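Take a look at the structure set out below.
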Amino acid sequence: NASTSGPLRDNFTYLPICLPKNVRIVASCQTGSDTHKILERRGHDSCDPVAVGEMSEHEAEQLLVSSLRDIPGIFVGAESDKPSPSHIAITEEVLASILAIEASTDGGYLQFVIETIRGFKECPFGSGYGTTLSTTGVMPLQSLIANMPKTLADACEQLLDQVEKICGLTFARKAISLLLTSRWGLLDVEIGGLLARNDKASQSRQMQRKEQVSGDQLRRLFRLLRPVLKKDPSVSIQRAAAITNGVNSTPICVSGLERIHFIENRVFRQIAKARYLSTQELENATHQLLAHYYHAQFLVPCGVFQGGSSQQHPLLPKAVKESVYHLVKGGMWKALQEWAVNLSFVCCTYELGLGYQVLRELVRAFNTLSESSPDVCGVSNADKRVMLERLKEYVYFVKNHNINLVQFPHMAHQIAITNPPGTFLHRDAEAFFKATDTYQPHFRAAPKSLNKTHQDAITSCSFAPSGMRFATCSDDRVVKIFSVSGDLVHNINLSASRLKKVIYSRTSRYVMAIAEDRTVFVYDASSSNLVCKFHGHNSPVLCVDTCLLYTSPSPRDS
């Protein structure tokens with residue numbers, strides 16, 4: 001569909017973020033359209049671009065002309081006759097010389113040509129790709145294009161040589177290796193932090209100088225890599241996180257989130273990987289660097305391992321997903337058990353709306369570990385068996401309890417402790433409750449006796465989904481709300497007849513009670529105030545329930 005001005009309207013809210021097992025939604029849309037932008041907000045792994053192969057000569061000409069016309073100050077074809085002191089004219093002869101190259105029907109090669117012309121327009125003295133071929137003064141554009149490599153592979157090799165010459169071999173190797181290893185690309189703040197990790201021991205003045213040089217090198221690097229990077233890299237991480245995750249907390253404002261850099265050219269990826277990541281050890285080291293970065297910069301500061309994310313960072317959802325991927329790819333199996341295979345991590349993933357995406361990563365981790373020999377994975381057979389059993393328990397825990405975890409992610413520990421004693425899940429949940437005095441499972445025996453709390457027979461009891469309180473009602477016409485420790489929180493005596501049933505709403509915000517006179521009461525669970533009451537039934541009311549109404553970013557009871 002065609003792009004329109006103004007804010008994008010998401011017409012796909014009916015599509016669930018987490019799909020059940022073996023259910024996939026297959027659709028197609030034009031790259032760069034409003035539909036593509038909306039779907040891409042759900043995560044880069046939700047959209048898979050399809051390579052269309054080589055183009056015809058007519059299609060190549062159309063792509064070349066339209067792309068050049070989008071560059072300010074460049075006139076193509078008949079437009080090249082317009083007088084202007086600062087414009088660049090792409091005449092019919094120049095277009096014909098470009099299309100005469102055999103590789104011009106390859107979209108990747110055309111990007112090299114387009115970026116060469118763009119770099120010539122921006123700085124004709126040689127700061128963009130291809131312009132360093134000039135040795136004296138300004139090289140004419142036609143001569144510059146004539147001296148370009150004639151194949152995409154040669155153009156990629158020349159680009160790598162040029163990046164190493166301008167940015168330095170060490171810097172180019174590390175930066176490009178990080179871009180190749182990342183699945184969906186890196187933001188400015190990420191790659192800047194990754195490249196600066198080895199400089200932490202420097203003095204403050206030296207640190208500032210190194211960071212400033214690193215920033216200049218990054219700008220120069222991405223300017224050179226424009227022919228192979230994904231186009232239109234502008235993103236809004238804060239808005240995408242708010243839409244995708246459904247988290248109510250306000251994201252932290254962080255600079256460096258405006259552009260994401262992803263190497264899209266497949267030929268360049270193959271050539272660069274053969275040059276910089278030629279061995280498995282080099283590739284593992286890069287994955288380990290990324291895993292440690294996400295763990296130290298986002299998972300620990302945001303409180304992921306203390307029962308959930310206490311602080312919402314715009315990059316936390318990406319760090320949660322990518323950390324598991326890089327732990328597996330880097331062969332960090334012990335770190336995977338400590339960082340990702342625990343209930344606090346599961347709780348955080350569901351709070352961020354990433355439950356099934358992380359489940360896929362855990363399944364991939366189980367399959368990779370089970371197929372690896374002890375020599376390859378670096379663990380003994382006994383440790384491997386324990387790790388596989390633990391991974392298996394967590395995979396089936398997420399799979400079997402996905403619906404409850406999506407609705408009540410904070411109850412992951414309460415759900416896990418219902419597993420048989422001796423299992424990894426039960427031991428993890430038990431250890432969590434023993435270490436946390438203020439967060440107890442709702443079914444633990446109360447330290448106080450609750451005998452004779454009502455003056456007449458108790459007719460109903462309901463636990464709050466939050467696991468922190470429960471409510472009772474009785475024939476004595478009273479609703480009482482208790483904490484899990486047995487303390488009376490509220491005593492509500494507003495009914496004129498006996499009460500037969502009490503129930504909590506799904507968000508623990510309201511308590512509803514059914515009276516014998518066919519009246520339904522709705523109370524505020526936190527203040528005990530009467531919200532409303534309903535009449536109208538001609539026969540006894542047997543049941544009452546609530547639903548979640550998704551008419552706003554935060555669900556409300558109705």
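The values are calculated or read from the model by the stated rules, or taken from the named source; none is laboratory data. Not measured: the values here are computed from a predicted model. Cβ placement follows ideal geometry from the backbone for every residue including glycine, while neighbour counts extend to all protein chains displayed. These area figures cover heavy atoms from the full protein model, side chains too; ligands, DNA and RNA do not enter into them. Shrake-Rupley method; radii C 1.70, N 1.55, O 1.52, S 1.80 Å.
Annotation note: Cβ proximity below 6 Å between a residue of the range 487-505 that is over 30 Å from Gln407 (Cβ atoms) and a residue that is open to solvent by less than 10 Å² (accessible area, probe 1.4 Å) and modelled with pLDDT of 90 or more (sequence gap 6+ or interchain) occurs for Ser497/Ala515.
Taken over the range 253-290, residues that are modelled with pLDDT of 90 or more and more than 30 Å from Asp106 (Cβ to Cβ) amount to 8. Answer yes or no as to whether Ser483 is farther than 22 Å from Asp456 by Cα and among the hydroxyl-bearing types (Ser, Thr, Tyr). So Ser483 does not fit the description; no.
Could you tell me which residue of the range 401-432 is farthest from Met387 (Cα to Cα), considering only residues that are in a loop (DSSP other than H, G, I, E, B) and not aliphatic (A, V, I, L, M)? Write out each step before concluding.
Of the range 401-432, the ones in a loop (DSSP other than H, G, I, E, B) are 401, 408, 417-423.
Applying the additional criterion that residues be not aliphatic (A, V, I, L, M) yields 401, 408, 418-423.
On the way: His401: 21, Phe408: 27, Thr418: 21, Asn419: 18, Pro420: 19, Pro421: 18, Gly422: 15, Thr423: 13 Å.
Filtering first and then ranking leaves Phe408.
Contact map, the range 93-121: first residue open to solvent by 10 Å² or more (accessible area, probe 1.4 Å), second residue charged (D, E, K, R) and in a helix (DSSP H, G or I), Cβ cut-off under 7 Å, separation 6 or more or different chains; pairs are Leu99/Glu57; Leu99/Glu61; Thr105/Glu57. Looking at the range 501-558, which of its residues are surrounded by fewer than 15 Cβ atoms within 10 Å (Cβ to Cβ), at pLDDT below 85 and assigned to a strand (DSSP E or B)? Listed by number, the residues that qualify are Leu548, Leu549, Arg556.
For the structure I just gave you, tell me whether Cys461 is more than 41 Å from the chain's Cα centre (by Cα) and within 30 Å of Phe433 (Cβ to Cβ). Quick ask: steps written out before the conclusion?
Details: more than 41 Å from the chain's Cα centre (by Cα): no; within 30 Å of Phe433 (Cβ to Cβ): yes.
So Cys461 fails the test.
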